Amino acid sequence: MKAGMNRYRIAVLAGIGLLVLLLVNMTIGLLGQLRDLSIAEDDNLQWSISQIDVEFANLNAIISKRLSDPTVADDEIKLRLDIAISRLGILRFGRASILFADGQSFQNLIAPIESFSDQAIAIADKIGPISDSDLLQLRTLTENVRPDVRKIALMGVELSAVRNDAQRIEFSRQLTRTGGIAIALLFLMAALMAILDRLLDRAAKRDAALLTSTQLLKSTVAASLDAIVTANDKGQIIEFNDAAEEVFGWRRNEIIGKTMENTIIPQQMRDAHNLGMKRFLAGNAPRVVDGGRVELSALRKSGEEFPIEINITSAQDGGRLKFIAYVRDISERKINEQNLIDARDQAQRTDKAKSQFLAVMSHEMRTPLNGILGVLDLMKTTKMDRQQMRYTDIATASSEILLEHINDALDITRIEAGALQLSEQIFDLPELAHSIVDVLEPLASEKQLTLTLRIDEAMRRGFYGDSNRLRQILTNLIGNAVKFTTHGSIIVHISGIHGPDTSSLRFSVTDTGAGIQADQVEQIFEDFVALAQSEGRQSRGDGLGLSISRKIARQMKGDISVLSELGKGSTFTLTVPMQRKDCGSSLEDDIAENTSVIPKDRLEVLVTEDNNINRKVMRDMLQGLGHSVSEAVNGVECLKQAQTKRFDLIFMDISMPTMGGIEATNRLRTSGGPNAKTRIAGLTAHGIDEFQAQAEYAGMNEFHTKPIRLEKLREILSGINAHPSPAPHSDTLQELCRALGADKVQSIGDEFFSELDKLVKEVDSGHMQDRSEDLAEAAHKIKGAAAILDQEDLETHFTELEQHARNNDLSDLPKRLKTIVDIARIARVNFATMVKNTRT
C-alpha cells in the first residue's frame with residue numbers, strides 16, 4: 001500500500017514539473033517573437049522577389065527570338081538563363097528564404113522550379129552550340145515553370161506584408177496565453193490533488209479485490225483434482241495442495257521445506273532433475289519447464305513409482321523464482337492403454353494365426369489334391385465303362401471346385417497380408433480374351449445362353465501387365481454372368497482409351513440375368529457374401545470371387561464397378577491401366593505352340609518330392625507317357641543322384657525337409673556337374689506368387705502350382721522336346737577316342753583319376769605340407785594330363801595350385817583341395833558320359 005502511495009506522489013510531481021516546463025517554454029517563445037518584431041524588412045526584398053517573374057519573361061522572350069532569328073548568340077541565352085537561376089538563389093538561400101521557410105505551398109511551387117533549373121543547366125552546359133531542339137525544350141520548360149514563378153512572386157509580396165502583422169498579433173496572443181496558463185496551472189494543481197485522492201481510494205479497493213482473488217485462488221488450488229506442487233529455485237517445496245497429498249501420500253506439514261529431489265522424484269531421475277535446474281537457472285533453453293505436458297515417473301511416500309502427466313511453469317514472486325508443477329496421476333489410464341494394446345496385439349496375433357492357418361491348410365489340402373487329381377487323370381487313361389467314367393468326371397469336377405476354393409483362400413491370405421505380387425509380362429489381349437471365352441462358352445451353351453465377345457479394333461494389340469491375374473478376374477466376371485443368367489445372352493466388350501504410353505482398358509460383361517437390388521450392389525464385393533445361389537454343377541457359394549477380383553483389380557491400380565437393374569440384368573465393368581507393348585515371339589510362345597505334342601523320345605526324369613503319394617502319382621503319369629523316372633525325397637538326395645547321372649528334366653518340389661527345392665536348384669546350377677544346365681520345373685502347393693521370384697533367381701526354368709494335371713505334364717514334356725538340354729560334349733575328347741579308341745581313352749581316364757585321388761590322399765595326410773616343390777611337380781604332371789583329356793576346370797585349378805606351391809604359399813591348401821575334390825567327382829561322371837557318347 002505504501003509503495004502504491006509513493007508511486008502516485010511521483011506521478012503528481014511529474015505532472016507539476018511538466019507544467020513548469022511548459023511555462024518556461026512559452027516565455028522563451030515570447031522573447032523570440034519580440035526579437036523578430038525588432039527586425040526591419042528591406043524594401044528591396046519585395047522588389048527582388050517580384051523581379052524573378054520579369055527575368056523568366058526575359059528568358060522566354062530571348063529563346064523565342066532565337067528561334068525566329070538565328071543570329072541571336074548562344075551567350076545571350078545563357079546570360080538570361082544565369083540571371084533567372086541566380087534569382088532563384090534569393091528564394092532558397094537569401095533573405096527571401098525567411099518568408100518561405102515554413103510554407104508548404106512554397107515547397108510545392110519551388111520543387112518544379114528547381115527541377116527546371118537542373119534541366120536548363122544541363123541543356124546550357126552541353127558542348128557545342130545550342131540546337132533548335134534544345135531551344136524548344138528550354139522554351140517549353142520555361143513556359144511550364146512561369147506560372148509557378150509568378151505565384152511565388154505574388155506569394156512573396158503577400159507573405160512579407162502578412163508576416164509583420166502576424167508577428168504583432170502572435171506576440172499579443174502569446175502574452176495572453178502565458179497569463180492564462182499561469183492561472184490554469186493553479187487550477188490544474190488543485191485538480192491533480194483531487195485525482196490523487198481518487199486514485200488512492202481506487203488503490204485501496206483494488207487491494208481488497210486482490211486479497212479476495214488470492215483467497216479464491218487458494219480455494220481453487222486446494223479443491224483442484226490435479227496435484228499442484230510449488231517449489232522455489234532451490235527445489236524446496238513451498239506449496240502442496242490437498243490433491244497432491246492424495247497423489248503422493250505426504251501430508252502438507254510433512255513435506256513443506258523439503259526438496260522435491262528427496263521426496264517425489266525417483267532415484268534414477270534425480271541427476272537429470274539437477275542438471276535441468278542448473279541449465280534453467282543458467283539461462284539456457286528449458287526442456288521441461290514451460291514446455292507443456294510431458295509424461296514422467298514420480299515417487300509416492302511409500303516408495304511406489306507411478307506414471308504421471310506433469311506441466312511445470314515458472315513465475316516471479318517478489319523478485320524470487322518459483323516453479324509450479326501441475327501433476328496428474330495417469331496410472332489408471334496407462335493400465336487401460338496397456339489393456340487396449342494387449343487386446344490389439346491379441347487381435348493381430350489372432351488374425352495372423354487365421355492367415356497362417358488358411359495358408360497352411362490350403363497347402364495341406366492342395367498336397368493330397370495333387371494325388372487325387374493325378375490318380376483321376378491316370379484312371380481316365382485306362383479302360384473304363386460309362387458309369388466308371390461318369391464317377392471319375394464327378395470326382396474330378398468336385399476336386400477342381402475344391403481346388404478353386406483353396407486358391408481363393410490363398411489369395412485372401414496374401415491380399416490381407418499385403419503379399420500379393422503381380423507378375424507382369426507382355427501378352428496379346430485378343431488372344432487372352434478369346435482363350436477365356438473359349439473355356440466358358442461350353443458352360444453357356446449348356447444353359448442355352450449366347451456368349452459374345454466384342455473387341456474394339458484399337459484394343460487388338462499387345463500389353464504389358466499381369467495377364468494371369470487379368471485372366472482370373474475376367475474368368476470370374478464372365479463365369480458369374482453364366483452362372484446367374486438363366487436365359488438370354490452375355491456380351492463381353494473390350495474397349496479403352498489410349499494415353500501417351502499407357503492405355504486405360506475397359507472390360508464390360510453384360511448379362512440378362514435377374515439383376516441386383518440397388519442396396520445390395522456393394523455387398524456383393526464383401527468377403528463371403530453370396531446374395532443368390534445358382535443351380536447345377538456350376539454352383540459355387542463361397543462369396544469370395546468378386547471380393548478377390550476387386551481387391552486384385554485395385555492392386556493393379558484399377559477397379560470393378562457394377563450397374564444393375566432388377567429383373568433386367570447387370571453390367572460388371574473392369575477398368576485397369578496397362579502399358580502398350582508389341583508382342584514378339586519368345587521361348588514361351590514356342591513352347592505353347594507345341595503343347596499338344598506328346599514327347600516321342602524317352603526322357604530321363606528325376607522327381608524330387610517329399611510326399612510319397614504325389615511322387616508315385618507323378619512317376620505313374622511319366623511312365624505312362626513312356627519316360628524313365630527316378631525319385632528323390634529331398635534336395636540332398638536329388639543332388640546325390642544328379643552327381644552320378646544326367647537327367648533331361650528335374651521336377652523340384654519347393655518345400656521339403658532337410659533341403660528345400662530353392663537351395664537344391666541353386667547348388668545344381670553352381671556345381672558345374674552333369675545337370676548344371678538340365679531343365680528344372682519347380683512345384684509348390686503354396687501360391688505361385690510366394691516363391692516364383694526366388695525360384696527364377698535360383699535357376700528354375702519354369703514354376704507350377706500343384707496339382708500337376710496330365711495335360712499340363714504333357715505341355716512341360718513337350719517343351720523339353722522342343723528345347724532339349726545339350727548333353728556333355730567335347731571335340732578334343734572325340735578326336736582322342738577316334739585316334740585311340742573309346743576303351744583305351746576310358747582306361748587312360750581311369751588312370752588319370754586314380755593318380756588324382758592318390759595325390760589328394762597324400763596331400764590330405766599331410767605328407768606334402770613341407771614339400772612345396774614335390775607338390776608343384778605333382779600338380780604340373782596332373783595339369784598336363786587334364787589338358788590332354790580336355791578337363792578344363794581341373795587344368796585351371798591345378799595350374800593355380802602349382803603356382804602357389806612354387807611360391808611356397810600353402811595357407812589355403814585345405815580349401816583348394818576340397819574344391820578340387822568336388823570338381824573331380826563331377827568331372828569323372830562327365831568324362832564317362834562323354835566317352836560313352838562317342839561309342840554311339
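The values are calculated or read from the model by the stated rules, or taken from the named source; none is laboratory data. Since the model is a prediction, treat every value here as computed from it, not as a measurement. A quick note on method: Cβ atoms are made from the backbone with ideal geometry, for glycine too, and the neighbour counts reach across all protein chains shown. We work out accessible area using only protein heavy atoms, side chains counted, and drop any ligands, DNA or RNA first. Shrake-Rupley method; radii C 1.70, N 1.55, O 1.52, S 1.80 Å.
Assorted remarks:
- Highest mean packing first, where packing is the average number of other Cβ atoms within 10 Å per residue, the peptides 263-276, 704-717 line up as 704-717, 263-276.
- Extension gain for Leu566 to Gln520 (0.36 nm times residue separation, less C-alpha to C-alpha distance): 15.5 nm.
- Gain upon complete extension [Ala191, Ala73; 0.36 nm per residue less C-alpha separation]: 34.7 nm
- Whole-percent carbon and sulfur share, accessible surface of region 439-515, 1.4 Å: 51
- FRET efficiency for Asp770 and Asp793, using Cβ-Cβ distance with R0 set to 25 Å, rounded to 0.05: 0.35
- Placing dummy labels 7 Å off each Cα toward the beta-carbon, the span from Arg471 to Met389 is 2.8 nm.
- Each label was represented as a point 7 Å from its Cα along the Cα-to-Cβ direction; for Asn144 and Ser86 these points are 2.7 nm apart.
- Ranked by the mean number of other Cβ atoms within 10 Å of their residues, highest first, the peptides 301-309, 636-644 come out as 636-644, 301-309.
- Stretchable slack from Ile748 to Asp118, in nm (0.36 nm times residue separation minus alpha-carbon distance): 215.0 nm
- Exceeding the 31 Å Cα-Cα cut-off - candidates Lys581/Lys712; Lys205/Lys234; Lys744/Lys783; Lys447/Lys557: Lys205/Lys234; Lys447/Lys557
- Accessible area (Å², per residue) of region 741-840, counting only protein heavy atoms and a probe of 1.4 Å: 56
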